[in-house]
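Notes follow the structure.
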Amino acid sequence: SEGNTDGKPNKIRLDYATYSPISLVLKEFGFLEEELKDEGIEIEWVFSQGSNKALEFLNSNSVDFGSAAGAATLISKVNGAPIKNVYIFSKPEWTALVTLEDENIDLVADLKGKKIAATIGTDPYIFLLRALNEQGIDPSEVEIVNLQHGDGATALTSGSVNAWAGLDPHMARVELESSAQLLYRNPDFNTYGFLNVREDFAKKYPGYVKRVIEAYEKARKWTLENPEKVAEILAEEAQIDLEVAKLQLERNDFTESIPGNAHQKAIIEAGKILQQSEVIDKTVNIQEIATELIDSSIAESTIK
Amino acid sequence: MSLELRNINRSFNGKTVIRNVSFRAKQGEIIGLVGTSGSGKSTLLRVISGLDTEYEGQIIMNDKQFEGMNSSISFIFQEPRLFPWLNVLENVTFGLKGSKDEKKGKGLKILEQVGLSDSSELYPRELSGGMAQRVAIARALVTSPEILLLDEPFSALDAFTKMQLQDLLLETWESYHPTIILVTHDIDEAIYLCDRVIILRGKPSEVVKEICFNEPRPRNRTSSQNAIYKADILNSLDLTKT
Amino acid sequence: MSLELRNINRSFNGKTVIRNVSFRAKQGEIIGLVGTSGSGKSTLLRVISGLDTEYEGQIIMNDKQFEGMNSSISFIFQEPRLFPWLNVLENVTFGLKGSKDEKKGKGLKILEQVGLSDSSELYPRELSGGMAQRVAIARALVTSPEILLLDEPFSALDAFTKMQLQDLLLETWESYHPTIILVTHDIDEAIYLCDRVIILRGKPSEVVKEICFNEPRPRNRTSSQNAIYKADILNSLDLTKT
Amino acid sequence: MGKLLATVTTTKEVKKSQKKQKTNTLHTIIFGSLTPTILIMLWELLCRQGVFPTYQLPAPSVILKTIITLFQDGSLWTHIGITTLRVFIAFILGSALAVILGSFVGLYKKAEQLFDPMIQAFRSIPSLAWVPLFILWMGIGETSKITMIAVGVFFPVYLNTVSGITGVDRKLIEVGKMYGLSSFQLIWRVILPAALPLFLVGLRSGLGLGWMFVVAAELMGASKGLGYLLVLGQNTLSPELIIASILLFAIIGKLSDWMLKLVEKRTLTWQDGFVQQ
Amino acid sequence: MGKLLATVTTTKEVKKSQKKQKTNTLHTIIFGSLTPTILIMLWELLCRQGVFPTYQLPAPSVILKTIITLFQDGSLWTHIGITTLRVFIAFILGSALAVILGSFVGLYKKAEQLFDPMIQAFRSIPSLAWVPLFILWMGIGETSKITMIAVGVFFPVYLNTVSGITGVDRKLIEVGKMYGLSSFQLIWRVILPAALPLFLVGLRSGLGLGWMFVVAAELMGASKGLGYLLVLGQNTLSPELIIASILLFAIIGKLSDWMLKLVEKRTLTWQDGFVQQ
Ligand SMILES: Nc1ncnc2c1ncn2[C@@H]1O[C@H](COP(=O)(O)OP(=O)(O)OP(=O)(O)O)[C@@H](O)[C@H]1O
Ligand SMILES: Nc1ncnc2c1ncn2[C@@H]1O[C@H](COP(=O)(O)OP(=O)(O)OP(=O)(O)O)[C@@H](O)[C@H]1O
Ligand SMILES: [Mg+2]
Ligand SMILES: [Mg+2]
């Protein structure tokens, strides 16, 4: 990342993550390495365990590009992180409300007074709040248990909680292997997969941001064309069953990659909910920050 | 309690230290055990006490074969072995049973007898060598054991204190006639206290001689007979002669 | 090295143990220190050695005031104080400097002299009481110190071994005339070895008497003069008289 | 270095000289807080200068404000209270079990062969790894949380108890045996006091590890507690909350350790050990 | 319990009787693996019976299969290798620092007042709490990972070193002083050997904690290692991966501890301690 005099980075550092299948494809096939080989630019891949790790890496200047959920990116931005969103790696339906068959919960309204597992501050949590909000249920009318995503799944299947705001691939797995079923889904309540870049990098090397997006586009096209093979790559990288990987991929929409109004709206809605639940300070102007965060210009100029 | 040793052998790492030691102590007898440094006196006491079970041979007490521990035996080790976390009085009453006051009473009485009334509150690290040894003696005597095993109990005491404690031992003996095995390297002491002295010698060491003193107690510390006994014992100990 | 004590006082927790002790030892003199148990003999040696600095008064060596440690002093403590993780030979050569072979040679030689050649490989826990004490003696003598502080060095030894080691001490003394301060409760020993005996008595203890022995060495262990000296010392020690 | 050679005095005497120092306690405290004070001032300065941006490392004053806010809305005491209570109960349970098992393993070869290999194997399993299993076995109530912390406490106490026991001077045990003590009495009256120094270090180590395991414990569905605060801070990417909870961990951990250290000082007055210069 | 009263023998003699036992080593191993074997069989049985569903707790056979698969595609060795290497380096660094600092604090009152309060405070900060700070300070390279593990190793070693030093028998130190040893020689030739038993327990505790800190370390951008496997398993909800990595932690941790225990046995032959029955 330390640049030469001629505005060329020595090294570009990207993260890859099991929640961003395109990043796996990109890494697997080395499109970017191929592209930049001649210029002598090194590519470094860093594994992100989750959105907040990716954002931590961005904030500490450990990566230049990081993949995170839209809502998480927003929170980080609110806290002053110098990052911006330049690309959408997927429109995932990675979160939904899950219960077990024998819990006899059929509607979101039935959740009143029940125990629900969720990870505070993350997409599933926002999803839960919005779903409850839609039904006019106040969060205080349910018991939200703060559990990490994987632990939430365990708590659900072992009966410690009645419902769970789930996240893929955990969700896909419990769906396939237990009597868990999706109680409520709504793709629009998910906040998209944001590929973020450090502002510093974007300012110094705008050309290379573009090159990275180009490579991402190439990987996206390949993904769209080879869903079977992507599932294999995902299964391999995440050490999960092929079936689980397929189910997870089914719920990912890779057709839209330029950040735009829809994305902005999604994170603003998420931001409001987060303000209500005091994860984000009430005095913050969400609108402003969302506009600041999303920069569609580079993607627009790259992708026709 | 009578005590009999039959053909005791003890080896460490294959090297025999004691060979074929046998003797019998009648109830109430005081037996001295004499031998050069490293001749196995302490080892023999450990065997009798039951702390050491890796010996060959038999230990017979009151005509019954005996193995393991026996709480009617008291052992004054060669080192004071005080518990560093207990003060003098607590150390002395360690082995006593009964109410707190009873224990304290007995403890203070014996501390008086060994000349340590002033020091009952001190911790072992605050004691002089001889004081620590006297605490150990007090701890052993206070329980009125039937068999007393003493491993050089008075070695760290000055001549004067030593005489006082020798007399204390005799007083104790007068009061209930315990059987006493006394390891000592002070021959005058052996002659003053014991009914019989057993001399260990050789490598591995064996019983080379037994000498009986028949004078009634209390004895004279400086009788002329003593000099003869002493010469006899020293002679038997002398390793240069074989 | 000459050694002088001037008005040494030492208290523990406000209780004075030694009061106003002064004496002077000429280069090469052997001084005996005698006193009842707990009279402060060990404390006095610790003061001289520099281990204890909380005393009042002055220590003067070779006419220079002295504070802190001095590596030309050797100290045989009242307990053997062997390092449990070193074997006998390693313990003996602990304070020696020089090449490994040199150290080993010196160590083996002194072990031979204290009668422990066979035991050089044993660890402290495998030693008898007397053997441990002899190792401690060997460790102190092997460095040829200019001042030797001995705290009841022969107390755990049988009469026979004790005589051998007393003679070893005299041999060492003959070879380079170190100054020796010997704490002992064996009055015969003091008479056999020392040029002068200093008697401590009282609470707090003070120097009550000094007795000089002018017979040339080697001395007779059983001369009639000895009995007179002995009675004199015992008399001075007797606490019942004031 | 030369100073070390100067004096060795027994603990009792040091106590006396410590009395002198009582007037100097203030001095000690000032001396002890020297390093942290300097560090914190440096940190504040660097933050003000903008060397650390706030989204990375907020200034101490900002963190203090966070703590004060928590304090004012009353939730701070709840967080601290519940975590302390969990650690306290778990500490009692974990160390009790460790002493019992440790005594058996230390005393009996058979017990060692039977239990020790397994315990040693469990010892290197990270706290986070237990989380899913504990949820499975014990649900997300207090049981699983307290068990988790107790697991942390257990290992150091166990290890030090076993070592303490096998290191007790044989000579003293023999004295106990001569007085016909039963095994239990022998443990209680000879072995435990003699193993006390090692055992107390084990307790202090265990307590420290207990605090560390709080986070894993409070990952299991807590809605209160310092560990919850920390995880919340990480999930909501708010560094001031993270660092505030770290500070609280440090302070409370230090306080609890200090109490154990007092106990250590009290119970080990008899030790005739090395005295610092 | 009565058996305990039977014999006390010195270590040397036990060694002799251990020679007898050499033929019985097999017996010991069998005995030691008794408990785990029974537990594993029970677990397999319960899984086969469907008491634990596989998505919660897979059967041992399934886990074994996972491990074998990892083994066959060669990645297992990489994971184990890299983690072991990290722990090894961190163990050396962490314990070296702990010995140095611990010696100073143990020996000098000034050093204790200056450093100890801070160190004690840091001791109760959970490993997870360090993650964001370490990423901030050191990035996500090997430095931060190794430092993280070293932090885990540091505390128990430090604590035991300090306690070991302050507990050394004054009598032996005095002997050292009489021979005019310098401070350094005194530490090296008297204090360290005498404090060895406590110090070795500290090392073993530290190593265990090092393994525990691996997870936090490998949260910092690792793509290889046992901690990575564990977290991956948690993030992708594959219990077989979680439990496989737990098992690997247990086995490797146990092996490394066993090596330290051998060292302990070797170096402490001189101890005249209590002998188990
Ligand atoms: N635990 C042990 N391991 C190996 N050898 C031992 C052990 N205990 C004693 N020995 C050996 O046994 C012999 C006799 O030792 P013991 O302690 O019985 O002698 P002692 O007659 O009491 O001598 P002292 O008068 O010096 O106390 C010595 O040679 C000693 O080295
Ligand atoms: N560390 C200490 N703390 C308190 N009192 C002590 C300490 N060391 C020694 N004393 C006291 O000082 C007095 C003298 O002790 P010291 O060891 O010098 O006697 P000693 O003449 O060597 O006796 P012994 O012949 O029995 O060895 C004793 O009353 C003892 O209780
Ligand atoms: Mg003996
Ligand atoms: Mg003395």
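The values are calculated or read from the model by the stated rules, or taken from the named source; none is laboratory data. All of these numbers come straight from a predicted model, not from anything done at the bench. Cβ coordinates were reconstructed from backbone atoms using ideal geometry, including for glycine residues, and neighbour counts include every protein chain displayed. The accessibility values were calculated without ligands, DNA or RNA, using every heavy atom of the protein model including side chains. Shrake-Rupley method; radii C 1.70, N 1.55, O 1.52, S 1.80 Å.
Using a 1.4 Å probe and counting only protein heavy atoms, how much accessible surface gets buried when D and A come together, both sides summed, in Å² to the nearest 100? Write down the numbers at each step before the final one.
Values: alone 17510 and 13190 Å², together 28830 Å².
Accessible area lost upon association: around 1900 Å².
Taking a label point 7 Å from Cα toward Cβ, how far is C:ASN9 from its twins in the other copies, in nm, shortest first?
Copy-to-copy label distances for C:ASN9: 6.5 nm.
Give the Rg/Rh ratio for region A:115-216, taking Rg as the radius of gyration of the Cα atoms and Rh as the Kirkwood radius, to two decimals. Write down the numbers at each step before the final one.
On the way: Rg = 17.8 Å, Rh = 15.7 Å.
My calculation of the ratio gives 1.14.
Which length gain, in nm to one decimal place, applies between E:ILE89 and E:ILE251 when the Cα-Cα distance is subtracted from 0.36 nm times their residue separation?
56.4 nm
Karplus couplings for region A:62-79 from phi (6.51 cos²θ - 1.76 cosθ + 1.60, θ = phi - 60°), rounded to Hz, Gly and Pro as x?
9, 9, 9, 10, x, 9, 8, 5, x, 4, 4, 4, 4, 4, 4, 4, 4, 6
Excluding B:SER2 itself, what net charge comes from residues whose Cβ is under 12 Å from its Cβ, given Lys and Arg +1 and Asp and Glu -1? Don't skip to the end; give the middle numbers.
Details: positive: B:ARG24, B:LYS26, B:LYS64; negative: B:GLU4, B:GLU29, B:ASP63, B:GLU146.
Taking every Cβ under 12 Å from that of B:SER2, the sum is -1.
Starting from the Cα gyration tensor of region D:144-247, take the square roots of the eigenvalues, sort them a ≥ b ≥ c, and report rounded, prolate or oblate (rounded when a/c is under 1.5, otherwise prolate if a/b is larger than b/c, else oblate). Spell out each step's value before the answer.
On the way: a/c = 5.48, a/b = 3.46, b/c = 1.58.
Judged from the Cα gyration tensor, region D:144-247 comes out prolate (a/c at least 1.5, a/b above b/c).
Please identify the DSSP H helices in chain D that span no less than 30 Å along the helix axis (Cα) and have a mean Kyte-Doolittle hydropathy of -0.5 or more.
Details: long enough: D:75-107 (47 Å, 1.73); D:142-166 (35 Å, 0.98); D:192-218 (37 Å, 1.46); D:239-267 (42 Å, 0.89).
For chain D, where a helix must reach 30 Å along its axis and average at least -0.5, the hits are D:75-107, D:142-166, D:192-218, D:239-267.
Amide H of D:SER124 versus every other amide H placed in the peptide plane: which residues, excluding those fewer than 5 positions away on the same chain, fall under 5 Å?
none
Tell me the angle of helix C:129-141 to the major Cα principal axis of chain C, expressed in degrees between 0 and 90 and rounded to the nearest ten.
So the helix axis and the longest Cα principal axis differ by about 90 degrees.
For labels at D:SER75 and E:SER223 in the simple 7 Å Cα→Cβ model, what's the distance in nm?
The modelled label-to-label distance comes out at 3.8 nm.
What's the ranking of C:179-186, A:60-67, A:131-138 by average number of surrounding C-beta atoms within 10 Å, highest first? Don't skip to the end; give the middle numbers.
On the way: C:179-186: 24.1, A:60-67: 25.8, A:131-138: 15.2.
Going from most to least packed, we get A:60-67, C:179-186, A:131-138.
Return the average number of partner chain Cβ atoms within 10 angstrom of each residue Cβ along peptide E:50-59. Walk me through the numbers on the way to the answer.
On the way: counts 0, 0, 2, 5, 2, 10, 11, 6, 0, 0.
The per-residue average across the peptide is 4.
Please label the shape of region D:225-277 as rounded, prolate or oblate, based on the square roots a ≥ b ≥ c of the eigenvalues of the alpha-carbon gyration tensor (a/c under 1.5 means rounded; beyond that, a/b larger than b/c means prolate, else oblate). Don't skip to the answer; put the middle values down first.
Working: a/c = 5.98, a/b = 3.49, b/c = 1.71.
Prolate, since a/c reaches 1.5 and a/b exceeds b/c.
If I fit a long axis through the Cα atoms of helix C:224-237 and take the longest principal axis of the Cα atoms of chain C, what angle between them do I get, 0 to 90°, rounded to 10?
So the inclination is approximately 70 degrees.
Work out the mean other chain Cβ neighbour count within 10 Å for the residues of C:47-58 and drop it here as an integer.
Numbers: counts 0, 0, 3, 5, 9, 6, 4, 5, 0, 0, 0, 0.
Across the residues of C:47-58, the mean count of other-chain Cβ atoms within 10 Å is 3.
Need the per-residue list for region C:1-45: every residue with at least 50 Å² less accessible surface in the complex of protein chains than in the chain by itself, probe 1.4 Å, sorted by number.
With the partner chains in place, region C:1-45 has these residues losing at least 50 Å²: C:ASN13, C:SER37.
Where does each of D:63-76, D:218-231 land if you order them by average Cβ count within 10 Å, highest first?
Details: D:63-76: 15.1, D:218-231: 25.4.
Output ranking for D:63-76, D:218-231: D:218-231, D:63-76.
Can you send over the solvent-accessible area of E:CYS47, 1.4 Å probe, protein chains only, in Å² to the nearest 10?
It works out to around 20 Å².
Report the extension gain between C:ASN220 and C:TYR176 in nm, rounded to one decimal, defined as 0.36 nm multiplied by the number of residues separating them, less their alpha carbon distance.
Numbers: separation 44, 0.36 × 44 = 15.84 nm, distance 2.25 nm.
Full extension of this stretch gives 13.6 nm more.
With every protein chain kept in place and ligands, DNA and RNA left out, what is the accessible area per residue of the protein assembly as shown? Probe 1.4 Å, answer in Å². Each step should come with its number before you reach the end.
On the way: 52430 Å² over 1342 residues.
That works out to 39 Å² for each residue.
Hey, what did region D:56-267 get for relative contact order, percent, Cα under 8 Å, at least 6 apart? Write out the running numbers ahead of the final one.
Working: 242 pairs, mean separation 61.2, N = 212.
Dividing the mean separation by the residue count of region D:56-267 yields 29 percent.
Once you sort the root eigenvalues of the Cα gyration tensor of region A:161-284 as a ≥ b ≥ c, which label holds: rounded (a/c under 1.5), prolate (a/b larger than b/c) or oblate (the other case)? List each step's numbers first, then the result.
Numbers: a/c = 2.30, a/b = 1.11, b/c = 2.08.
Note, shape of region A:161-284 comes out oblate.
Using a Förster distance of 51 angstrom, determine the FRET efficiency expected from the C-beta separation of C:ASN235 and B:SER11, and round it to 0.05. The partial results should precede the final answer.
Details: r = 49 Å, r/R0 = 0.96.
Using R0 = 51 Å, I get an efficiency of 0.55.
Using the alpha-carbon atoms, what tilt in degrees (0 to 90, nearest 10) does helix B:100-113 show relative to the longest principal axis of chain B?
Roughly 60 degrees between the two axes.
When each copy gets a label point 7 Å from Cα toward the beta-carbon at B:GLU171, what are the spacings between them in nm, shortest first?
Reported distances to equivalent positions: 4.5 nm.
Going toward the positive end of the dipole of the protein assembly as shown, with +1 on Lys and Arg Cβ and -1 on Asp and Glu Cβ, which of C:GLN65, C:GLN166, E:GLN271 do you reach last?
Towards the positive end, the residue furthest out is C:GLN166.
Calculate one ³J(HN,Hα) per residue across region A:212-221 by plugging θ = phi - 60° into the Karplus curve 6.51 cos²θ - 1.76 cosθ + 1.60, and present them in order as whole Hz with x for glycine and proline.
Going residue by residue, I get 5, 4, 4, 5, 4, 4, 4, 5, 5, 4 Hz, with x marking Gly and Pro.
Modelled label-to-label distance, E:ILE68 and A:GLU228, 7 Å Cα→beta-carbon offset: nm?
Result: 2.8 nm between the two label points.
Can you check what the Kirkwood hydrodynamic radius comes to for region D:36-190, Cα pairs only, in Å to one decimal? Write down the numbers at each step before the final one.
Numbers: mean 1/r = 0.0506 Å⁻¹.
Answer for region D:36-190: a Kirkwood hydrodynamic radius of 19.8 Å.
Once the cut-off is 16 Å, how many percent of the Cα-Cα pairs in region B:1-112 end up in the long-distance tail?
67
Let me confirm one metric for peptide A:44-57, namely the mean number of other chain beta-carbon atoms within 10 Å of its residues' beta-carbons. Show your work: numbers first, answer last.
Details: counts 0, 2, 5, 9, 3, 10, 4, 2, 5, 10, 1, 2, 12, 5.
So the per-residue partner count for this stretch is 5.
Based on Cα positions only, what radius of gyration and what Dmax would you give for chain C, in angstroms?
That works out to 17.9, 57 Å for Rg and Dmax.
Could you give P(r) for the protein assembly as shown, binned at 20 Å from zero, as whole percent values over all Cα-Cα pairs?
Distribution as computed: 9, 32, 27, 18, 11, 2, 0 percent.
Sort shortest first the distances from E:GLN49 to its counterpart in every other copy, using label points 7 Å along the Cα-to-beta-carbon line, and give them in nm.
6.8
Apply 1/(1 + (r/R0)^6) to the Cβ-Cβ distance of E:LYS261 and E:HIS27, taking R0 = 22 Å, and write down the FRET efficiency to the nearest 0.05.
On the way: r = 19 Å, r/R0 = 0.85.
Taking R0 as 22 Å, the efficiency between E:LYS261 and E:HIS27 is 0.70.
Taking the Cβ of D:THR267 as the centre, find all other residues whose Cβ is under 14 Å away and add up their charges (Lys, Arg: +1; Asp, Glu: -1).
Numbers: positive: D:ARG204, D:LYS261, D:LYS265, D:ARG266; negative: D:GLU264.
The answer is +3.
Within 11 Å, Cβ to Cβ, of A:ARG198, how many net charges do the neighbouring residues add up to if Lys/Arg are +1 and Asp/Glu are -1?
Spelling it out: positives minus negatives among the neighbours equals +1.
Grab the Cα-Cα distance for A:ASP200 and A:GLU288, subtract it from 0.36 nm times how many residues apart they are, and report the gain in nm with one decimal.
Details: separation 88, 0.36 × 88 = 31.68 nm, distance 2.01 nm.
Gain on extension, A:ASP200 to A:GLU288, equals 29.7 nm.
About the Cα centre of the protein assembly as shown, how large is the charge dipole given +1 on each Lys and Arg Cβ and -1 on each Asp and Glu Cβ? Please answer in debye to the nearest 20.
Working: 136 positive and 138 negative charges, 892 e Å.
For this selection, approximately 4280 debye.
With label points built 7 Å along Cα→Cβ from the Cα atoms of A:LYS210 and A:SER297, find their separation and express it in nm.
1.2
So if R0 is 25 Å, what FRET efficiency would A:ASP281 and A:GLU141 give, r being the distance between their Cβ atoms, rounded to the nearest 0.05? Don't skip to the end; give the middle numbers.
Details: r = 25 Å, r/R0 = 0.99.
Plugging the Cβ-Cβ distance into 1/(1 + (r/R0)^6) gives 0.50.
Rank-order C:146-157, B:63-74 by packing density, defined as the average count of other C-beta atoms within 10 Å over each peptide's residues, highest first.
Values: C:146-157: 24.7, B:63-74: 14.9.
The peptides rank, most packed first, as C:146-157, B:63-74.
Nearest-to-axis residue of chain B, judged by Cβ, for the B-to-C rotation, with distance in whole Å?
Per the Cβ-to-axis criterion, the result reads B:SER155, 2.
Using the Cα atoms of chain E, I'd like the radius of gyration and the largest Cα-Cα distance, Dmax, both in angstrom.
So, for chain E, Rg and Dmax equal 22.6, 73 Å respectively.
Report D for region A:185-249 in µm² per second (integer): Stokes-Einstein, Kirkwood Rh on Cα pairs, 25 °C, 0.890 mPa s. The partial results should precede the final answer.
Numbers: Rh = 14.2 Å.
Stokes-Einstein gives a translational diffusion coefficient of 173 µm²/s.
Could you give the dipole magnitude of chain B about its Cα centre, charging the beta-carbon of Lys and Arg +1 and that of Asp and Glu -1, in debye to the nearest 20? Provide the component values of the computation, followed by the final result.
Working: 29 positive and 31 negative charges, 86 e Å.
Computed charge dipole of chain B: roughly 420 debye.
For C:SER37, which sequence-distant residues (separation of 5 or more, or a different chain) have an amide H within less than 5 Å of its own amide H, given hydrogens modelled in the peptide plane?
B:ASP158, B:THR161
What is the dipole size for chain A, taken about its Cα centre, with +1 at each Lys and Arg Cβ and -1 at each Asp and Glu Cβ, in debye to the nearest 20? Please list the in-between numbers first.
Numbers: 30 positive and 50 negative charges, 155 e Å.
The dipole of chain A has a size of about 740 debye.
Quick one: Karplus J couplings for region C:9-25, per residue in order, coefficients 6.51, -1.76, 1.60, θ = phi - 60°, nearest Hz, x for Gly and Pro?
10, 8, 10, 10, 6, x, 9, 6, 9, 10, 10, 6, 8, 9, 6, 10, 10
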